[in-house]
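Heads up, the thing below is written out as structure tokens.
The values are calculated or read from the model by the stated rules, or taken from the named source; none is laboratory data. For clarity, every value in this text was computed on a predicted model and none was experimentally measured. All Cβ positions, even for glycine, are placed from backbone atoms using ideal geometry, and neighbour counts span all protein chains on display. Quick note on the areas: whole protein, heavy atoms, side chains included, nothing else; ligands and nucleic acids left out. Shrake-Rupley method; radii C 1.70, N 1.55, O 1.52, S 1.80 Å.
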Amino acid sequence: MAVPTGFGNWQEALDNLLHEGKRCCLSSEFQQIKCDEDRVKFIINKKLLLNVSWLKFYFRECCSQFHTKSGEKAAQHRSLGNKLFQEKKYQAALLHYTKSVQFAPSSMNDLALAYGNRSAVLFHQLQYQECLTDITRAMEARFPTESIHKLHIRRCRCFLKLGRTIDARAEMDILHLLADKADSKETKEIISQELKKLEKDLIDADTQLIVNTQAHCEFDLSVSHEQNDILVQASSAICLKMSSSQGRFLEAKYDISAGDTLIVERPFAAVLLPDHYSTHCHNCFVRLPVNPIGCQRCSHVLFCHEDCRDVSWRTFHSVECPYLDILHSVGIAHLALRIVVTAGLRFLLEFLQDEKQRSGRVPGLTPEGRYERNYLTVFDLMTHTDDMMLDDLFQYSLTAALLLGILVHSGWLDSSSTSPSQLDTHNGILHGWEEKFTRFLKFIKDEEAEDEQDEEEAQAGIVVGGLLLRHIQQLVCNAHAITTLQTTQADKENAVQLQSQVRIATAIYPTASLMNHSCDPTIISSFHKDILVVKSIKDISAGGEIFNCYGPHWKRMKLKERQEILKTQYFFDCQCEPCLKEEDGMKIWDTVLCQTCGNSMSVQQKADVCSNCHVTCDVAAMLSELQVGDKHFTEGIQRMEFDDHQRAMSSLEACLKIREKLLTPDHHDLGQVHDAMAQCFAMTGQYGLAADHLSLSVTSAEAMFGVSSLEVARELHKMAEVQVSAGRPAEALTSATRALQLARTHYVESSDWVQELLCFQMALSKLLAK
């Protein structure tokens, strides 16, 4: 089928629609509208979305054909997996078998065969518990009867490997029955031969101590102190306050220590980013196990377990499943749809009726005075409508109308539908969109309804459209990025680990949204699956405000840039301490050293006279020399990328000489060059020199970010890794222990990084104990 130009590019469509709106002089008319429902109704009345040719094409054709199950593709991936399995390329085979699971229709044998074949790979990879799970799945999916003995044999072997001899004996009993009933003499012989081997293995298993290395660990995710009676997902150490100047905010009820857990919050709704569909569960966002499962309808998403798949289907995926391609193109607005679908149509209509009676209450609080995990706390978040640019609000309204079109097309708005999970997502909702949407437009325009049910659907659509727009506006300021720490592991080419925070999902956490911003925050957020854990990183006295950082941090970004970002996205002029003490903040960015006395001088000051020794300095010349140093640094990095380590080191040493001469010890650029030199030395096997430079990088990080900072913890971890390679295990243990202590202050115990550091520390302790 021919795909229209610009297909799937909603941002491009928004730009075109905005231009069309201006051409038709719609802006002035739109500007007069003061209600979200009327804004969406205006967009629909003008029929702007019907001008997007690919959108109509998508609803007519694509959502019924993209990412659907395919027995042919399932068979292809299974065949490729079989070939790789025979070549003993087990990891590659595993990936193809999982693809086969994704594509296999549940009504055919393909799914059972995919599970069965994947269980064979898992057995060879010593993943016995996961192998057992896939064997059960294969049997439940009606694995071919003539080959079922293979699964029972494999299951018996798994039980033996796990020391579950009673279960193994039960499987052997089943195999004896299968041998007796086998129609084929060859099958009977195969089972008999395998039983003899299993009998011997069973005797051996009875005399061996089996250690299960796959034990599951539960982590404590409770708040410090006691649970808060009002903020139900927070600690009793904090309380909710409200003022005309600050709005709602959080305050320390009594003294809080660094490392205290203040909030443990599940999101009201969250959306996994498409780039992580193949690596994380679509429902809980945990990194996928080796044996994930797919959606029962589409081939697009994966889940860690059947429970997550079923919860996802009941809550939102049954509605979104056919429309994921278009939802990927709307950005954060996808979360607005997820909020509405999660709440449910019937609940939303009843909620808005009750909302009229809530005047006078503190926003977000129930009649009982509690701030709970419910839709009310989301609804009462700030929208900042009056602060938004007219063009932005117009485009948000267009996107809300698009999302409303999806809900109309899906049948979610049908008053006859009892719940989203009961919709026919296979055929019925995928046809007749143009007729349905045109009819919907007619009702929106207050023309005569065909019947009462259609009129009710239209009225519900107006309400839902307004809510979608409300949530889009709220998410601009209140959405949270769910992140995970991604580590590039050290290898023989590079003994220095590289770590970075990677955004995997977007969520709404109403309790965390109560925190105001400071460029010098008092908390840090981390995640366990989709659960947000907020920990204090400083001691906070009773009565002190709890501050989050919305992104711009005073030690990572200059004042002007911070102020511009906060004003543009969050609509306020930051008055935090680092912003008010501008000169102190600029010291870590725009300062050079007086070459006479070593005093720091601001490069922004008009005079070139040192305030300490009163000697005239040529600041312009120093800045010019720093630019030469920057050029050396860039050359060094580029040469490292091409494995030209000797010349790279020459460039980096030239850079270091200039920066040490002209920059303060806490300057970011000085730590940067020490870090790069450590990496270069590690690449050439000079681990001792690499460790020495990382030690200087740690000192730089301490001066710039503080001795208890996350940055120091990361540098310490890198240094510990290199110290091991340099044959300094005692020093490595000291570095790793301190890194672990700092990591625990910032992150929840279950985080991958904390667990990695803990294992590293234990391994070093055992090594030194020998």
*Just checking, how many residues over the range 741-752 are surrounded by fewer than 21 Cβ atoms within 10 Å (Cβ to Cβ) and not β-branched (Val, Ile, Thr)?*
6
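Check Ala270, Ala258 and return the single one that is at pLDDT 95 or above and aliphatic (A, V, I, L, M). I'd like the intermediate steps shown before the answer.
Values: Ala258 fails: at pLDDT 95 or above.
Checking each option against the conditions leaves just Ala270.
Do we have Cys610 as of a type outside the set (A, V, I, L, M) and modelled with pLDDT of 90 or more here? Break it down stepwise before answering.
Working: of a type outside the set (A, V, I, L, M): yes; modelled with pLDDT of 90 or more: no.
No: the conditions fail for Cys610.
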_If I go through the range 104-115 residue by residue, how many of them are under 11 Å from Phe143 (Cβ atoms) and outside any helix (DSSP H, G or I)?_
1
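When you go through Leu413, Leu393, Leu398 one by one, which is the residue that is part of a loop (DSSP other than H, G, I, E, B), at pLDDT 55 or above and either aliphatic (A, V, I, L, M) or crowded, with 22+ Cβ neighbours inside 10 Å (or both)?
Values: Leu393 fails: part of a loop (DSSP other than H, G, I, E, B); Leu398 fails: part of a loop (DSSP other than H, G, I, E, B).
After ruling out the rest, the residue left standing is Leu413.
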*asked:* Every residue in the range 91-118 that is farther than 13 Å from Glu72 by Cα and within 29 Å of the chain's Cα centre (by Cα), please.
replied: Gln91, Ala92, Ala93, Leu94, Leu95, His96, Tyr97, Thr98, Tyr115, Arg118
*Run Ala343 past the list (1) among the aliphatic types (A, V, I, L, M); (2) open to solvent by 10 Å² or more (accessible area, probe 1.4 Å); (3) in contact with a strand residue (DSSP E or B) (Cβ under 8 Å, 6 or more places away or on another chain) and report the number of the one that doesn't hold.*
(3)
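Of these, His693, His667, His674, which one is touching a Ser or Thr at 6+ places or on another chain (Cβ under 6 Å) and open to solvent by less than 40 Å² (accessible area, probe 1.4 Å)?
Working: His693 fails: touching a Ser or Thr at 6+ places or on another chain (Cβ under 6 Å); His667 fails: touching a Ser or Thr at 6+ places or on another chain (Cβ under 6 Å).
Testing whether each residue is touching a Ser or Thr at 6+ places or on another chain (Cβ under 6 Å) and open to solvent by less than 40 Å² (accessible area, probe 1.4 Å) leaves just His674.
Please report, ordered by residue number, the helices (runs of 4 or more DSSP H) entirely within the range 25-103 with at least 1 residues that are more than 19 Å from Asn117 (Cα to Cα) and either at pLDDT 90 or above or open to solvent by 70 Å² or more (accessible area, probe 1.4 Å) (or both). Walk me through it before giving the result.
Numbers: elements: 27-31, 36-45, 53-60, 71-86, 90-103.
Helices (runs of 4 or more DSSP H) meeting the threshold: 27-31, 36-45, 53-60.
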*Selection count, the range 277-294, where residues are over 21 Å from Ala104 (Cα atoms) and either part of a helix (DSSP H, G or I) or open to solvent by 30 Å² or more (accessible area, probe 1.4 Å) (or both)*: 2
*With Gly428, Gly364, Gly432 as the choices, which residue is at pLDDT 85 or above and either over 23 Å from Ile332 (Cβ atoms) or open to solvent by less than 50 Å² (accessible area, probe 1.4 Å) (or both)?*
Gly364
*Return yes when Glu711 is over 28 Å from the mean Cα position of the chain (by Cα) and either of a type in the set (Val, Ile, Thr) or more than 17 Å from Glu653 (Cα to Cα) (or both) and no when it is not.*
no
*Output the number of residues of the range 322-339 satisfying the condition of being more than 22 Å from Gln473 (Cβ to Cβ), open to solvent by 10 Å² or more (accessible area, probe 1.4 Å) and either out of contact with any Gly (no Cβ under 8 Å at 6 or more places or on another chain) or of a type in the set (S, T, N, Q) (or both).*
0
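Give the number of residues within the range 753-770 that are open to solvent by 20 Å² or more (accessible area, probe 1.4 Å) and within 21 Å of the chain's Cα centre (by Cα).
Applying the first criterion (open to solvent by 20 Å² or more (accessible area, probe 1.4 Å)) to the range 753-770 yields 755-756, 758-763, 765-770.
When the remaining residues are screened for being within 21 Å of the chain's Cα centre (by Cα), the result is 755-756.
So the answer is 2.
Filter the range 247-270 down to residues that are part of a strand (DSSP E or B) and open to solvent by less than 10 Å² (accessible area, probe 1.4 Å) and give me whichever is nearest to Ala114 (Cα to Cα).
So the first thing to find is which residues in the range 247-270 are part of a strand (DSSP E or B), and the list is 247-252, 256, 261-265, 269-270.
Restricting the remaining residues to those that are open to solvent by less than 10 Å² (accessible area, probe 1.4 Å) gives 250, 252, 256, 262-263, 265, 269.
Details: Leu250: 52, Ala252: 54, Ile256: 53, Leu262: 45, Ile263: 42, Glu265: 37, Ala269: 32 Å.
By that ranking, first place goes to Ala269.
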*Mind counting the residues in the range 641-685 that are under 25 Å from Lys555 (Cα atoms) and outside any helix (DSSP H, G or I)?*
5
_Flag if Lys567 is open to solvent by 20 Å² or more (accessible area, probe 1.4 Å), at pLDDT 90 or above and not in a loop (DSSP other than H, G, I, E, B)_ = yes
*If you go through the range 401-408 one residue at a time, do you hit one that is crowded, with 17+ Cβ neighbours inside 10 Å and in contact with a Ser or Thr (Cβ under 6 Å, 6 or more places away or on another chain)?*
no
